[in-house]
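Engineer: First the structure, which I've put down as structure tokens, then a few questions once you've had a look.
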Amino acid sequence: MIFSGSIVALSSGRLPAGVAVVRVSGPETRFVIETIAGILPEPRVAVFRRLRDADGGTIDHGIVLFFPGPNSFTGEDVAEFQVHGGKASVSALLDRLTAFEGVRHAEAGEFTRRAFLNGKLDLPQTEALADLINAETEAQRRFAVGNADGAQGRLYQSWRKRLIHARAMIEAEIDFADEDDVPGSVADAVMADIGILTGEIGSHIEGFRAAEIIRDGFEVVILGPPNAGKSSLLNALARRDVAIVTDEPGTTRDLLEVSLDLNGLYVRIVDTAGLREAAGAVEAIGIERAKTRARDAHLVLLLHDMAGADQIDPAGVGSVPVLHIGTKADLEPSGRDKPYELVLSARTGAGLTELTDEIARRAKAQVESAGDILPSRLRHVELLRDTLGFLRQAVERYEERDVQAEMLRLATDRLGRIVGAVDVEDLLDVIFGQFCIGK
């Protein structure tokens, strides 16, 4: 696809910086390089040049690179100017570039959007690039890199090809049932493969929970009665004062959250209001929010004050795993003999290492239980569920060949929407809007 204009943007980090990278993509790229740098470098060969303004003055001295299309990130002619990362220098260069006719500032994600429209990337790869840019942990980085390499898209494309073949065989049986080269038993073989494919897609969908943990975090909710040490534990895990800690019951009324990197996994710890019956109207709202958040968590830490009498029944958190923890071990050392899975003291730090190790172990177990290739977006899961529904209808309507063919067509269409093989124009603004300017 040939675009009518060229785009330019700062593609490196926030200024000021040691080096700034300004990228240009589009049909005006060659003319821009020759005018500003004086020569067009050999493809993919870095040259050091003086960059000139419209009057021949010096904007800066820097490295110039030229990537001719289609062998570039966007599939178009692309230039990179590596200059000093001062705000004034970069601003002067951007002003000079956008002064050329047909060159304008890029919108968010526009470089990647051009790469997609020029067939350099599929949609899962573009989404993976956004994940890679936003990755904060090693697990997020590995997950994003795997998808950016195209493994996810290749899986969906392989399923789509199988469905296209199956549909072709069914339609051939419909149209040429009396021909000798179309065996009457073709539907049996086709639908057997559809049954296998249904199982593969179903197993793949189940992996979305692991993908959510990698991308959005393993959520741990702290529950317990007032003054059981919930806020003290949150502060101890965060290693800073996140929550206000007092001896007055009901101090915490809203949800407080901190993020941790435990062995390369993103973990979110949520402090909640103390659970008790005699609570005021505002505190009661906080308690209800605590219970709701706990039901959606991956793990609940139920704190028991070993120096007090109040205990909380974990009923109401559904099937969420509960880890019973005795607190204030420094005040009640004899509590170590009580039937808690862990005991700790937020004041002294005793038991905190064991707790973080246990959280990391449980998070890792949930991630490793899934397959190597996981659906990375809710959008993928919704389309895969639609695909699965159509395939099941095709299997159920075994004697109705025309219905089977239509169900296979709809299933193929849904898989195509994941990778961008069919019309997805309504999704593009949402997907590429996640990117920063310059990517």
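Engineer: What does the helix-only formula give at 222 nm for the chain: each DSSP H stretch with n ≥ 4 adding -39500 (n - 2.57), the total divided by the residues, and the result rounded to the nearest 500 deg cm²/dmol? Spell out each step's value before the answer.
Structural biologist: Details: 14 runs with 194 residues, N = 439.
The helix contribution divided over the chain gives -14000 deg cm²/dmol.
Engineer: Then there is this: So if I take the centroid of the Cα atoms in region 118-154 and the same for region 12-84, what is the distance between those two points in Å?
Structural biologist: One Cα centre to the other: 27 Å.
Engineer: Express the C-alpha Rg of the chain as a ratio against the empirical globular expectation 2.2 N^0.38 Å, rounded to two decimals.
Structural biologist: 1.31
Engineer: Report, to the nearest whole %, how much of the accessible area of the chain belongs to carbon and sulfur atoms, 1.4 Å probe, protein only. Before the final figure, lay out the partial values.
Structural biologist: Details: 10480 of 21010 Å².
So the carbon and sulfur contribution to the accessible surface is 50 percent.
Engineer: Additional query: In terms of the Cα gyration tensor, with a ≥ b ≥ c the square roots of its eigenvalues, is region 74-165 rounded because a/c is under 1.5, prolate because a/b exceeds b/c, or oblate? Before the final figure, lay out the partial values.
Structural biologist: Values: a/c = 3.95, a/b = 1.79, b/c = 2.21.
Judged from the Cα gyration tensor, region 74-165 comes out oblate (a/c at least 1.5, b/c at or above a/b).
Engineer: Where nothing but the Cβ of Lys and Arg (+1) and of Asp and Glu (-1) is charged, how large is the charge dipole of the chain around its Cα centre, in debye to the nearest 20?
Structural biologist: 1580
Engineer: Nearest 0.05, what FRET efficiency do Asp296 and Thr353 give at R0 = 35 Å with Cβ-Cβ as r?
Structural biologist: Using R0 = 35 Å, I get an efficiency of 0.80.
Engineer: Report the gain in length on full extension from Asn134 to Asp402: 0.36 nm times residue separation, minus Cα-Cα distance, nm rounded to one decimal.
Structural biologist: 91.9 nm
Engineer: Just the Kirkwood number for region 371-422, please: inverse of mean 1/r across all distinct Cα pairs, in Å, one decimal.
Structural biologist: Working: mean 1/r = 0.0864 Å⁻¹.
Taking every pair of different Cα atoms in region 371-422, averaging 1/r and inverting gives 11.6 Å.
Engineer: With a cut-off of at most 11 other beta carbons within 10 Å, and DSSP calling the residue loop, which trypsin sites (Lys or Arg not before Pro) in region 31-111 qualify? Please list them.
Structural biologist: Arg44
Engineer: Give or take rounding to whole Å, what are the principal axis extents of the alpha carbon atoms in region 63-118, in descending order?
Structural biologist: Result, largest extent first: 34, 22, 20 Å.
Engineer: Between exposed GluC sites (Glu not before Pro) in the chain, where DSSP calls loop and at most 15 other Cβ atoms lie within 10 Å, what's the longest gap?
Structural biologist: Formally, the longest exposed-site-free interval is 1-100.
Engineer: Moving on. So how many Lys-Lys pairs in the chain land under 27 Å Cα to Cα, not counting same-chain pairs under 8 apart?
Structural biologist: So the count of such lysine pairs works out to 11.
Engineer: Need one number: nm distance between label points at Asp55 and Ala17, each 7 Å from Cα along Cα→Cβ, rounded to one decimal.
Structural biologist: The answer from the label model is 3.0 nm.
Engineer: Right, next: Expressed in nm to one decimal, what extension gain is obtained for the pair Glu42 and Glu200 from 0.36 nm per residue of sequence separation less their Cα-Cα distance?
Structural biologist: Result for the pair: 52.1 nm of gain on full extension.
Engineer: Can I ask one more? Relative to the Cα centre, what is the charge dipole magnitude of region 32-116, using +1 at the beta carbon of each Lys and Arg, -1 at the beta carbon of each Asp and Glu, and rounding to the nearest 20 debye?
Structural biologist: So the dipole magnitude of region 32-116 works out to roughly 180 debye.
Engineer: Quick check for you: with a 1.4 Å probe and neighbouring chains kept, what is the accessible area per residue of the chain, in Å²?
Structural biologist: 48
Engineer: Right, something else. Membrane-span-like helices in the chain: DSSP H runs reaching 30 Å or more (Cα, own axis), mean Kyte hydropathy at least 0.5?
Structural biologist: TM-like helix candidates: 186-206.
Engineer: Sticking with this structure for a sec: Tell me, what HN-Hα J-couplings in whole Hz come from the Karplus equation 6.51 cos²θ - 1.76 cosθ + 1.60 at θ = phi - 60° for each residue of region 258-266, using x for Gly and Pro?
Structural biologist: My calculation for region 258-266 gives 10, 10, 10, 10, 10, 6, x, 9, 7 Hz in order.
Engineer: Explain nothing, just the number: dipole magnitude of region 98-237 about its Cα centre with +1 on each Lys and Arg Cβ and -1 on each Asp and Glu Cβ, in debye rounded to the nearest 20.
Structural biologist: Dipole of region 98-237, to the nearest 20 debye: 1020 debye.
The values are calculated or read from the model by the stated rules, or taken from the named source; none is laboratory data. Computed from a predicted structure; not experimentally measured. Backbone-built Cβ (ideal geometry, glycine too); neighbour counts: all protein chains shown. Accessible surface is based on the protein model in full, side chains and every heavy atom, while ligands, DNA and RNA are left aside. Shrake-Rupley method; radii C 1.70, N 1.55, O 1.52, S 1.80 Å.
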